[in-house]
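Taking it in order: structure first as structure tokens, then the write-up.
The values are calculated or read from the model by the stated rules, or taken from the named source; none is laboratory data. Remember, predicted model here, so these are calculated numbers, not experimental data. Here the Cβ positions follow ideal geometry from the backbone for every residue, glycine too, while neighbour counts run over all protein chains shown. Heads up: the accessible areas ignore ligands, DNA and RNA and are worked out on the full protein's heavy atoms, side chains in. Shrake-Rupley method; radii C 1.70, N 1.55, O 1.52, S 1.80 Å.
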Amino acid sequence: MGSERPVWQLFTRFSLLLRGPVARYGMALLTFATALLLRRLVDNTLPSGFPYLTFFPAVILTAFMAGLWPGVVTAVLSGLAAWYFFIPPFDSFGLDGSVGLALAFYAVVVAVDIALIHGMQVTLARLQEERGRTASLLEAQTTMFHELQHRVANNMQFVSALLDLQRRTVGHTPEGALAALEEAGRRLHTMAQVHRRLHDPRSSDDFGSHVEGLCRDMLKAAGVPGIDCRVAVRAAPQSPERLLALAMLIVEALTNSLKHAFAENGGTVTIELNSVPGQPDQLHLLVMDDGIGLPDGFDVQRLPSLGWKIIQSLAAQLSGELSYGATGGSGTRIELRFPA
């Protein structure tokens, strides 16, 4: 029966539990007054012995609609009214054994009714809370699943583009093809390392610590002695996809320095990431080394290097402005200005 509503939904629709005390206790007084009026109207048609006939439903309805304490108020007022008007001696609060028994019977019945209804309300409230929590978890899980699908698709697209760029560097010899495959495998391994660092729940959320870890991994893998990596990260993108693209760009720039910048004496690679002064929505990345520098007449736009092409592609993905040149002395620099 798909059109039928659960009881808790009907209860939520008509309940006054979430309203203010004026509405709830106002209903208690109104229900009591209505029950008293109806009991007086049917008084002449009823046989003796039914003083609580209309008051029991009033207590149950009030406790159900308005909650515990309004139900108690209706029960007390109804008990006093039934005692005064409908239990002999009439129009008085006379008390004897039979009257005491009748009042005790009434008190037990309304107490059980109110307790059961209150217990049901607490259970329904917990059910609603649990249902809301389950809906939130389901929504979060669905969002995370779609986000995961989106990231996987983007990563596969990046891998495809990387392999396509690598394919263009393959020569006509088996040795050239083997070297290209090894280079592609190295870059994919590096990409996997970046993923693990950025998405490991046990790791820090500080992007600077991730960059420092990548530098350590790259220096260890390169096996070039005497090279120091200095990292100063004071700002970072918030999007996980932009963090991944920026990390991959830093890795390619660092790889370029390790492969081409240093002689036997080693040197220093500096990586800085800051907000642009006066423009907090813009970030500035600097990757700089103090190596042998660029030869005279060097034109980076004509550089056939696959690493430089990847850097350009990642810079475009970040919607950034990329520049490459000498540091003013020995060494080279790569700068990227992009939206945060």
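Describe numerically, in nm with one decimal, the distance between label points set 7 Å from Cα along Cα→Cβ at VAL22 and at GLN279.
Using points 7 Å along Cα→Cβ, the separation is 5.6 nm.
For a Förster distance of 56 Å, can you work out the FRET efficiency between the beta-carbons of SER92 and ARG133, rounded to the nearest 0.05?
Values: r = 55 Å, r/R0 = 0.98.
The calculated FRET efficiency here is 0.55.
What is the gain in length, in nm to one decimal, between LEU30 and LEU68 on full extension, counting 0.36 nm per residue of separation less the C-alpha to C-alpha distance? List each step's numbers first, then the result.
Numbers: separation 38, 0.36 × 38 = 13.68 nm, distance 1.60 nm.
Going from the current span to full extension adds 12.1 nm.
Please give me the summed charge of the neighbours of PHE86: other residues whose Cβ is under 9 Å from its Cβ, Lys and Arg +1, Asp and Glu -1.
Details: positive: ARG39, ARG40; negative: ASP43.
Net of charged neighbours comes to +1.
Leaving ligands, DNA and RNA out of it, rank LEU101, LEU138, LEU283 by accessible area with a 1.4 Å probe, largest first.
Working: LEU101 125, LEU138 105, LEU283 5 Å².
In descending accessible area the options line up as LEU101, LEU138, LEU283.
Could you tell me which of LEU101, GLY49, MET120 has its Cα farthest along the dipole of region 1-145 towards the positive end, charges placed at Cβ (Lys, Arg +1; Asp, Glu -1), taken about the Cα centre?
The residue sitting farthest along the positive end of the dipole is MET120.
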